[in-house]
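Since every read-out is calculated from the coordinates, none of them should be taken as a lab result. A quick note: this is a predicted structure, and the numbers were derived from the prediction, not measured. Here the Cβ positions follow ideal geometry from the backbone for every residue, glycine too, while neighbour counts run over all protein chains shown.
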Amino acid sequence: MKTLIKPTLLLLLMATAVFGKVPRGFKPTSEFEAVKAEAIEKKKLLTIVFKGSDDRCPNCAATMENGEKATKSSSKLLFTRVSAFRNKKTGLPEEILSQVGSLADGASVYFYVFNPNDLKLVTKGSRTELQSNKKTIREFKNTVRAAKKEL
């Protein structure tokens, strides 16, 4: 019995470390208020990324890269997991959550871009739009840039 406890505990700690990790350049959604204040001060948008549980998906990696490139210079970036969204543990206000809708878990990535002043949704993109379709990636990026100019 004791021999099972140690490996199980180790596995649980490793899973927490992997799944709780926030990518470089992003802040966790638990810091929403501070990031929002910084976005307002620097006249930037808020981009919230909801990522599914599959961290090995190459399509998701491409989506993360394309979405980050499209929003990075115009936004402050926040990150959370779809599972945290479903369990209502993101730390995000209801004004944001009510505009998100339902999200699929697994091999999924969603970018939601908000105006930090009124928390209105500017645009959103998922793996379908941001994985490899250059036209939709460009449209997404142009929408983000235009919204930033209006701040």
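Quick look at the numbers
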quantity	calculated
Phi to ³J(HN,Hα) by Karplus 6.51 cos²θ - 1.76 cosθ + 1.60 over the range 40-52, Hz, x for Gly, Pro	5, 4, 8, 6, 10, 7, 10, 10, 10, 9, 10, 10, x
Amide H within-cut-off set for residue 91, under 5 Å, with H built and near neighbours excluded	none
Residues whose placed amide H lies under 5 Å from that of residue 114, excluding near-sequence neighbours	46, 47, 48, 122
Relative contact order (percent, whole number), the range 23-149, Cα cutoff 8 Å, 6+ residue spacing	34
Cα→Cβ-extended label distance, 7 Å offset, between residue 33 and residue 104, nm	3.6
Estimated vicinal HN-Hα couplings, Hz - the range 87-103 in sequence order (Karplus 6.51, -1.76, 1.60; Gly, Pro = x)	8, 6, 10, 8, x, 8, x, 4, 4, 7, 4, 5, 8, 7, x, 9, 10
Nonlocal amide H pairs with residue 107, under 5 Å, H built at 1.01 Å	54
Neighbour-count ranking [beta-carbon atoms within 10 angstrom, fewest first] of 90, 123, 136	136, 123, 90
Angle in degrees between helix 58-71 and the longest Cα principal axis of the chain, rounded to the nearest 10	40
Dipole of the chain, positive direction: furthest Cα of 32, 125, 60, with charges on the beta-carbon	60
Within the chain: Cβ-based charge dipole about Cα centre, in debye rounded to nearest 20 (Lys, Arg +1; Asp, Glu -1)	380
For the range 108-119, Karplus couplings with θ = phi - 60° (6.51, -1.76, 1.60), whole Hz, Gly/Pro x	8, 9, 10, 10, 10, 10, 10, 6, x, 6, 10, 6
Amide N proximity, the range 26-56 versus residue 72 label position 7 Å along Cα-to-Cβ, cut-off under 17 Å	26-27, 45-49
Computed over the chain, Kirkwood Rh from alpha-carbon pairs, angstrom	16.1
Tilt relative to the chain, helix 2-19 - C-alpha long axis, 0 to 90 degrees, to 10	10
